[in-house]
Amino acid sequence: VLTAMAGFDTVSVSGNIQSAHAVEVKSQRVLNLSGVVTGAADMRFAARNINLSGVLIDGQVLEAPKAGTLTISGETVDFRSRFNVGGFEKVVIEASGDMRGGYTAQPLTPETEEFTPGLTATGTVLLRAAQIYPTTDGTLSFKSDKSIRIERTGQSAAPLSAGGLLSFTAPLIE
């Protein structure tokens, strides 16, 4: 059902996004993913502009990594709030341009972390972008139970952002 959405200008998918089978969703311009993504098979989401958000419901726990890769690709990737991913062995988020977030100016503490814009994943995380940055006075946080690898995809002008906090938390950061 979701693979037929490639012709739409804007696609929004929200809730607990789960699949035991391969899934591919494309949008011509904007893709909004809001919720918790869980899977054990390959899932791929692509659009020119991608907005990621969603928080865990009270008592909800992310699944341990099993198999599969979640790939999210766009020109720009915006983290509007915490984006939570479980079950995947690998999570790849790639932007040919900017990867950004941190629209709320709040300190990063254990109490605020679940609402802080960014990513929490139980599997290995690969971030590819021309640049990754928090918005002005914002916080952007990436957390993995396994590892985080950061790769640059090209050149970009310096962002118009100042005073923000960019945080990476994992047993291995490359």
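Of the set (1) under 15 Å from the mean Cα position of the chain (by Cα); (2) of a type in the set (A, V, I, L, M); (3) within 26 Å of THR139 (Cβ to Cβ), all apply to ALA46 but (3). Answer yes or no as to whether LYS66 is open to solvent by 10 Å² or more (accessible area, probe 1.4 Å) and within 19 Å of ARG128 (Cα to Cα). Criteria not met by LYS66. The number of residues in region 44-91 that are closer than 22 Å to GLY154 by Cβ, in a strand (DSSP E or B) and among the small types (Gly, Ala, Ser) comes to 3.
Out of region 29-43, which residues are hydrophobic (A, V, I, L, M, F, W, C), surrounded by 17 or more Cβ atoms within 10 Å (Cβ to Cβ) and in a loop (DSSP other than H, G, I, E, B)? Of everything in region 29-43, just one residue is hydrophobic (A, V, I, L, M, F, W, C), surrounded by 17 or more Cβ atoms within 10 Å (Cβ to Cβ) and in a loop (DSSP other than H, G, I, E, B), namely ALA40.
Is it true that some residue in region 16-28 is open to solvent by less than 50 Å² (accessible area, probe 1.4 Å) and in contact (Cβ under 8 Å) with a residue 40 or more places away in the chain?
For region 16-28, residues open to solvent by less than 50 Å² (accessible area, probe 1.4 Å) and in contact (Cβ under 8 Å) with a residue 40 or more places away in the chain: absent.
Taken together, the residues in region 80-122 that are more than 10 Å from the chain's Cα centre (by Cα) and at pLDDT below 90 amount to 15. Search region 121-174 for residues being assigned to a loop (DSSP other than H, G, I, E, B), open to solvent by 70 Å² or more (accessible area, probe 1.4 Å) and touching a strand residue (DSSP E or B) at 6+ places or on another chain (Cβ under 7 Å), and hand back the single one that is nearest to ALA64 (Cα to Cα). By that ranking, first place goes to LYS146.
The values are calculated or read from the model by the stated rules, or taken from the named source; none is laboratory data. The shown structure was predicted, so the numbers you read here are calculated from the model rather than taken from an experiment. Every residue, glycine as well, gets a Cβ built from its backbone with ideal geometry; the counts of neighbours run over all protein chains shown. The protein model used for the area step is the full one, side chains on, heavy atoms only, and it has no ligands, DNA or RNA in it. Shrake-Rupley method; radii C 1.70, N 1.55, O 1.52, S 1.80 Å.
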